[in-house]
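Taking it in order: structure first as structure tokens, then the write-up.
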Amino acid sequence: QLQQTQQNLQQQGLDSLVNLVHSPLVDYSHQGRDYLYYSCDQQLEQIAKIYSGREAKILVLVDGPSTTKNPQARYPALPHLLKHLATHRLDIVLNDNLSADEQLITEQWRILLKDRSLEFTEHNWDCERGALLISVNP
């Protein structure tokens, strides 16, 4: 899929605007729970360094990993983002938000954001599988 995505970006003339990174799934623990999630800390650290001392608006699309065998697979996206980018405006789109698994993830994200005293807003999009936009530090 990485090569196909690179080809699609090139065909659309967008390859110079996108930093496409392959991040394999690795073991990740958060608050006593274990997950398989993308190896993304290094890339998030680089983004945090680029925007250090500035206020950035960052759009994040969460559409993986698959929740078929791991129902909470997408939960770690928010803890990873907050670890590195909590001072920035984060607009996070959670795809397939109509499923029970994603509804549970959404509730867990709300709790995490409230526990960290971060302001956030939510907007649900009515589309085929549903999508949720959570804006942190709006």
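The values are calculated or read from the model by the stated rules, or taken from the named source; none is laboratory data. Just so it is clear, the model here is predicted, and its values are computed rather than measured. Glycine gets a Cβ as well: all are built from the backbone with ideal geometry, and neighbour counts include every protein chain shown. Side chains are part of the model used for accessible areas, which takes the heavy atoms of the whole protein and leaves out ligands, DNA and RNA. Shrake-Rupley method; radii C 1.70, N 1.55, O 1.52, S 1.80 Å.
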For the range 22-138, accessible area per residue (1.4 Å probe, heavy atoms of protein chains only), Å²: 60 Å²
Solvent-accessible surface (1.4 angstrom probe) belonging to ASP115, in square angstrom, nearest 10: 110 Å²
Estimated [θ] at 222 nm from DSSP helical runs (n ≥ 4, -39500 (n - 2.57)) normalised by residues in the chain, nearest 500: -10000 deg cm²/dmol
Nonlocal amide H pairs with ASP15, under 5 Å, H built at 1.01 Å: GLN10
Percent carbon-and-sulfur accessible area, the chain, ignoring ligands, DNA and RNA, probe 1.4 Å: 47 percent
The range 55-134: GluC sites (Glu not before Pro) falling in loop per DSSP and having at most 13 other Cβ within 10 Å: GLU55, GLU119, GLU128
Beta bridges by DSSP in the chain, antiparallel share as percent, to the nearest 5: 75 percent
Overall form of the range 88-136 per C-alpha gyration tensor (a/c, 1.5; a/b vs b/c): oblate
Sites matching trypsin sites (Lys or Arg not before Pro) across the range 47-89 that sit in DSSP coil, with at most 15 neighbouring C-beta atoms within 10 Å: ARG54, LYS69
